[in-house]
Amino acid sequence: MVVKKKSISSASPWSTEKGKYSKTNEIHYSFLKPQLRHALLLCFLLSVWFVILRCFLSSSSTSENNMEKQNVDEKAKTTSKSSAISKCEGGMSVYLYDMPAEFNKGLLKDCSHLNAYTDMCPHVANRGLGQPLSYMVESAVATTWFATHQFIAEMIFHARMENHPCRVLDPINAKLFYVPFYGGLDASSKFHDANLTARDELAVRLADYLRSKPWWERHHGKDHFLVLGRTAWDFLRRNNDFGNSLLNLPDVQNMSVLTVERNPWDRVHNQHGIPYPSYFHPYTSHEMMTWQNKMRQSSRPHLFSFIGGPRRGVEKAAVRDELIRQCSESGRCKLLKCGKGPSKCHDPIEVLKVMSQSQFCLQAPGDSFTRRSTFDSVLAGCIPVFFSPHTVYTQYEWFFPAGDAREYSVYIDENALKTGNGSKRVVSIEEELFKIEREKVERMRSAVINLMPRLTYAHPNATDLGFQDAVDVALEALWAKRLKLNV
C-alpha cells in the first residue's frame, strides 16, 4: 500500500493570518483602549505561533511516516531481489495447458492402483504433498511439513504452477509451455502389465494431443516442457523390458523433460535433473530462514551416518554392503538400517533426527544412481558423501554450484571401497572424514544449508516466498535455455 504524503499549502500560516489582520481591519480597533489593543495583539501572536507549531509537527510526522514506509519498501525490495523470478523479469511467461483429466488429475481417481508396491492414496493428498506432519510444528497454524512421497514431484510442480506469478492464461503471451502430464504415476500403475501397447497407450495419446495444438506447431515443441516424478529409466524401455517408451517418442524428445534422475548418457540432451521432494514445504522466507538457523545450531555428535539397506542383484548398489559394514563397526557412525516391513528409515522424523545429528551423511546409489536421501541430508544440514559422480554431479547442474563440488560435498570413489582394487586395504570412510579440518567442515555445512531454498519445493499456496525454490530455479533455467535456442 502506498502512503501519500500530506500536501501543505504554499501559503504559510503567517500569510493567512496577515490577511486577516490587514490595515483596513485595524481601523476598527484604533479607538480601543491601549490595554485592550495589547491584549488583542498578544492573542494574535499566540494564535500565529500555535498555527505554525501545529503545521510543523504535522509536516514532521508525515515525513517520519514516509521515511518509515520507505524503509519498509527498501526491505521489501531487498527481499524480492532474492526472488527475482517471482517478478518474471526478462519477459518470461509460462502457459499451463488445460489438458483432459486423463493425463493428470483423472489418474488420481484410482489412486490405490497407481503403484504396484504402494497405495498412493495418502501420498497424492494435499496436491501431492501427502499427509501433514503436524507434530513437526509447535503451533496449529497450517503446517509446512508433510510425509511427501519421493516420486511425486510431477504433482507438486503442477500445483505450484497453477498459482505461479509467471503463469499467463493466454497462450499468445507465453514464451514457455508447461505440459502437466502425470507420467510417473501412469508408468508405475502399469509396471507389471505384460501388454506393452497398454503401457505406452497414454504416452502415445499425449503426443497426439500435443501435435494437434497450434502452439506446438509454432516451434515443434522446443518451447514445451513436462515434469516426471520418476527416474528417466522408467520411460526408456529397451528390448521389451521395464517401463514404457515415453522418452523414446520423437515428439517428446523435442521437449525439455525435467526428471528426478536423468540419463547421464542422454544423447538428445533434453533431460534435466530436478530435486526429489523432501518433507519441508514453506510458505515464506521467514519459515525457511528459521529452519536454516535451527540446522546451523544443531548439535552433531555423530561424525557420519548411513540410512539405507542392502540391494541384492544391483551392481551399482554393491557399495552399500561395505558402507553398512564400516558404519556398524565404527563408534563415530550412526546406522539406520532399512529392510522389509516397518522400519524407522521410512519415518521422516527419524530420518531427519539422525541426519541433523550427523556431520556427514553417506549417499550410496540404490536401485538407481540418485536417491531422495541426498535432499533429506541437505534439509538436515548434513554434508553429503558421494560414491558415484552420477548421484549428483552429472544430474542437477541447475541446482548445485557449478564450481568445486568439494565446497559442499565429499567424494570417495566406490572402487576404493572394494577389495582387490589394487591397494593394500579398503579405504576407511571414518579416517577420510575425520581428517577434514574443523574449519573446513563448518564452511561446507554452511554451503549445504545455503543450498536449502533452491532444493526445496515451496507450498503450492505460497504467494510471496521471498526466495527461489526448486520450481523457480527450474523455470529460470528453462527460460535461459529457450533464449539460447532462439526459438
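With the requirement that a residue be under 18 Å from Glu315 (Cβ atoms) and open to solvent by less than 10 Å² (accessible area, probe 1.4 Å), what does segment 354-369 give you? Before you say what the answer is, go through the steps one by one.
Kept after step one, since they are under 18 Å from Glu315 (Cβ atoms), are these residues of segment 354-369: 363-369.
Of everything in segment 354-369, those that are under 18 Å from Glu315 (Cβ atoms) and open to solvent by less than 10 Å² (accessible area, probe 1.4 Å) turn out to be Gln363, Ala364, Pro365, Gly366.
Given (1) of a type outside the set (Lys, Arg); (2) farther than 15 Å from Phe103 by Cβ; (3) in contact with a Ser or Thr (Cβ under 6 Å, 6 or more places away or on another chain), where does Leu228 come up short, assuming only one miss?
Failed condition: (2).
Are any of the residues in segment 430-438 in contact (Cβ under 8 Å) with a residue 40 or more places away in the chain and either open to solvent by less than 20 Å² (accessible area, probe 1.4 Å) or small (Gly, Ala, Ser) (or both)?
In the first step, residues of segment 430-438 are kept if they are in contact (Cβ under 8 Å) with a residue 40 or more places away in the chain; the result is 430, 433-434.
Subset that is either open to solvent by less than 20 Å² (accessible area, probe 1.4 Å) or small (Gly, Ala, Ser) (or both): 433.
Scanning segment 430-438, I find at least one residue that is in contact (Cβ under 8 Å) with a residue 40 or more places away in the chain and either open to solvent by less than 20 Å² (accessible area, probe 1.4 Å) or small (Gly, Ala, Ser) (or both), so the answer is yes.
Go over the candidates His272, His281 one by one and state the one that is crowded, with 18+ Cβ neighbours inside 10 Å, touching a His at 6+ places or on another chain (Cβ under 8 Å) and not basic (Lys, Arg).
Working: His272 fails: touching a His at 6+ places or on another chain (Cβ under 8 Å).
Every option except His281 fails the conditions.
Under the condition of being modelled with pLDDT of 95 or more and surrounded by fewer than 18 Cβ atoms within 10 Å (Cβ to Cβ), which residue from segment 299-310 is farthest from the chain's Cα centre (by Cα)? Show your work before the answer.
Step one: list which residues in segment 299-310 are modelled with pLDDT of 95 or more, which gives 299-307.
Of the ones still in play, those that are also surrounded by fewer than 18 Cβ atoms within 10 Å (Cβ to Cβ) are 299, 301.
Working: Ser299: 26, Pro301: 29 Å.
Restricting to residues being modelled with pLDDT of 95 or more and surrounded by fewer than 18 Cβ atoms within 10 Å (Cβ to Cβ), the top hit is Pro301.
Of all residues in segment 96-117 being in contact (Cβ under 8 Å) with a residue 12 or more places away in the chain, out of contact with any helix residue (DSSP H, G or I) (no Cβ under 8 Å at 6 or more places or on another chain) and more than 19 Å from Ala159 (Cβ to Cβ), which is least open to solvent (accessible area, probe 1.4 Å)?
Asp110
Any idea which of Asn263, Asn293 is of a type outside the set (D, E, K, R) and either crowded, with 22+ Cβ neighbours inside 10 Å or in contact with a strand residue (DSSP E or B) (Cβ under 7 Å, 6 or more places away or on another chain) (or both)?
Just a single option satisfies the conditions, and that option is Asn263.
Does Phe146 meet the test of being in a loop (DSSP other than H, G, I, E, B), touching a residue at least 40 places away in the same chain (Cβ under 8 Å), over 23 Å from Met255 (Cα atoms) and open to solvent by less than 30 Å² (accessible area, probe 1.4 Å)?
Here the answer is no, as Phe146 does not meet what is asked.
Looking only at segment 418-428, decide whether some residue is open to solvent by less than 10 Å² (accessible area, probe 1.4 Å) and either at pLDDT below 95 or within 25 Å of Arg296 (Cβ to Cβ) (or both). Quick ask: steps written out before the conclusion?
Residues of segment 418-428 open to solvent by less than 10 Å² (accessible area, probe 1.4 Å): none.
No, because not a single residue in segment 418-428 is open to solvent by less than 10 Å² (accessible area, probe 1.4 Å) and either at pLDDT below 95 or within 25 Å of Arg296 (Cβ to Cβ) (or both).
Out of Ala462, Ala477, Ala458, which single residue is part of a helix (DSSP H, G or I), crowded, with 17+ Cβ neighbours inside 10 Å and not charged (D, E, K, R)? Give the derivation first.
Working: Ala462 fails: part of a helix (DSSP H, G or I); Ala458 fails: part of a helix (DSSP H, G or I).
Being part of a helix (DSSP H, G or I), crowded, with 17+ Cβ neighbours inside 10 Å and not charged (D, E, K, R) holds for just one of Ala462, Ala477, Ala458, which is Ala477.
Working only within segment 231-260, note down all residues that are open to solvent by 10 Å² or more (accessible area, probe 1.4 Å) and small (Gly, Ala, Ser).
Ser245
Say we look at segment 183-204 and pick out the residues that are among the hydrophobic types (A, V, I, L, M, F, W, C) and either assigned to a helix (DSSP H, G or I) or free of Cβ contacts under 8 Å to residues at least 60 places away in the same chain (or both); which of these is most open to solvent (accessible area, probe 1.4 Å)? Walk me through how you get there before you give the answer.
First pass over segment 183-204, keeping only residues among the hydrophobic types (A, V, I, L, M, F, W, C): 185, 187, 191, 194, 196, 198, 202-204.
Right, trim to either assigned to a helix (DSSP H, G or I) or free of Cβ contacts under 8 Å to residues at least 60 places away in the same chain (or both) and you get 185, 187, 194, 196, 198, 202-204.
On the way: Leu185: 3, Ala187: 7, Ala194: 93, Leu196: 42, Ala198: 25, Leu202: 9, Ala203: 2, Val204: 68 Å².
In this case the residue turns out to be Ala194.
Quick one: which of Pro214, Pro132, Pro180 is touching a strand residue (DSSP E or B) at 6+ places or on another chain (Cβ under 8 Å) and surrounded by fewer than 18 Cβ atoms within 10 Å (Cβ to Cβ)?
Working: Pro214 fails: touching a strand residue (DSSP E or B) at 6+ places or on another chain (Cβ under 8 Å); Pro180 fails: surrounded by fewer than 18 Cβ atoms within 10 Å (Cβ to Cβ).
Every option except Pro132 fails the conditions.
Could you check segment 295-383 for helices (runs of 4 or more DSSP H) lying wholly inside it with 1 or more residues that are closer than 19 Å to Ser428 by Cα and touching a residue at least 24 places away in the same chain (Cβ under 8 Å)?
On the way: elements: 319-329, 348-356, 373-379.
The helices (runs of 4 or more DSSP H) meeting that bar are 319-329.
The values are calculated or read from the model by the stated rules, or taken from the named source; none is laboratory data. Everything quoted here is computed from the prediction, not taken from an experiment. With ideal geometry, Cβ positions are generated from the backbone for all residues, glycine too; neighbour counts draw on all protein chains shown. Just so you know, the surface numbers come from the protein's heavy atoms only, side chains and all, with ligands and any DNA or RNA stripped out. Shrake-Rupley method; radii C 1.70, N 1.55, O 1.52, S 1.80 Å.
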